[in-house]
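The values are calculated or read from the model by the stated rules, or taken from the named source; none is laboratory data. From a predicted model like this one, the values you see are computed outputs, not experimental measurements. FYI the Cβ positions are ideal-geometry reconstructions off the backbone, even for glycines, and counts take in every protein chain you see. Accessible surface areas use protein heavy atoms only, side chains included; no ligands, DNA or RNA. Shrake-Rupley method; radii C 1.70, N 1.55, O 1.52, S 1.80 Å.
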Amino acid sequence: MNAIKNAKIYILILAIVLAFTQSKAEIKIAFVEMDTLINESLAGKSMIQQLDKLNKENVKKFSEKRKELNSEKDKIQSQKNILSKEEYEKKVINLNSEFEKVQKDANTKGNDLRKKRNNAMKKIMEELNIVLSEYSKKNDLAFIIDQKNVVIGRTDLNITKDILELLDQKIKKIKLN
């Protein structure tokens, strides 16, 4: 009788230990679409809009400058037979240096635009990491994975909309430096 009572106690203890071990072994995972978060967040849209505006301004400016230089090139070409050889070569050299200067300026502006984009992306990613960390703690998630790295997953594990709302509350606009 005593052995049966002890066996029941052992089985009860074993069941309780297994139940708690089972619940502790559960790992919660979610995934987000990082590209969507960047492209559809208010800060991301703000960044993209500002970058597009700057890029269009640069393209317009350098396009106009190149047209002017091409017009000057045609003018010099038409004067080839009229000008002395030295004068013609001097104008061609000056024109070529102007073309190089414009190209160098265009490259500099392009590099500046990339730096601004990278700095803005860094700011957005810093805020996004804070949001993801807080969300992970609040919802007891062990992992949040970028959807690019997920082959297949349940749609209820996609938390992109929730994170997008939280990110939009945290940062609405980004300024390009």
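Summary of computed values
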{"read-out": "Within the chain: Cβ-based charge dipole about Cα centre, in debye rounded to nearest 20 (Lys, Arg +1; Asp, Glu -1)", "value": "240"}
{"read-out": "Residue-averaged [θ]222 nm for the chain, counting only DSSP H segments that reach four residues, each worth -39500 (n - 2.57)", "value": "-26500 deg cm²/dmol"}
{"read-out": "Spatially proximal aspartates and glutamates relative to K104 (Cα-Cα < 13 Å; intrachain offsets below 8 disregarded)", "value": "D112"}
{"read-out": "Computed log₁₀ I(q)/I(0) - Debye formula, equal Cα scatterers, no solvent, segment 29-177, q 0.10, 0.17 Å⁻¹", "value": "-0.55, -0.95"}
{"read-out": "Calculated Rg and Dmax of segment 25-85 using C-alpha coordinates, Å", "value": "25.6, 90"}
{"read-out": "Of K28/K122; K137/K161; K28/K138; K45/K161; K138/K175; K28/K173, pairs whose Cα-Cα distance is over 21 Å", "value": "K28/K122; K138/K175; K28/K173"}
{"read-out": "With DNA, RNA and ligands ignored, accessible area of I11 (1.4 Å probe; Å², nearest 10)", "value": "110"}
{"read-out": "Within straight-line cross-link reach of K101, lysines at Cα separation under 18 Å, skipping those fewer than 8 residues along the same chain", "value": "K60, K61, K65, K67, K73, K90, K91, K109"}
{"read-out": "By accessible area with a 1.4 Å probe, ligands and nucleic acids excluded, highest first: order of T108, T36, T155", "value": "T155, T108, T36"}
{"read-out": "Where labels lie 7 Å past Cα in the beta-carbon direction, separation of E126 and D52 in nm", "value": "2.7"}
{"read-out": "Kirkwood estimate for segment 48-133, i.e. one over the average of 1/r between Cα atoms, Å", "value": "15.9"}
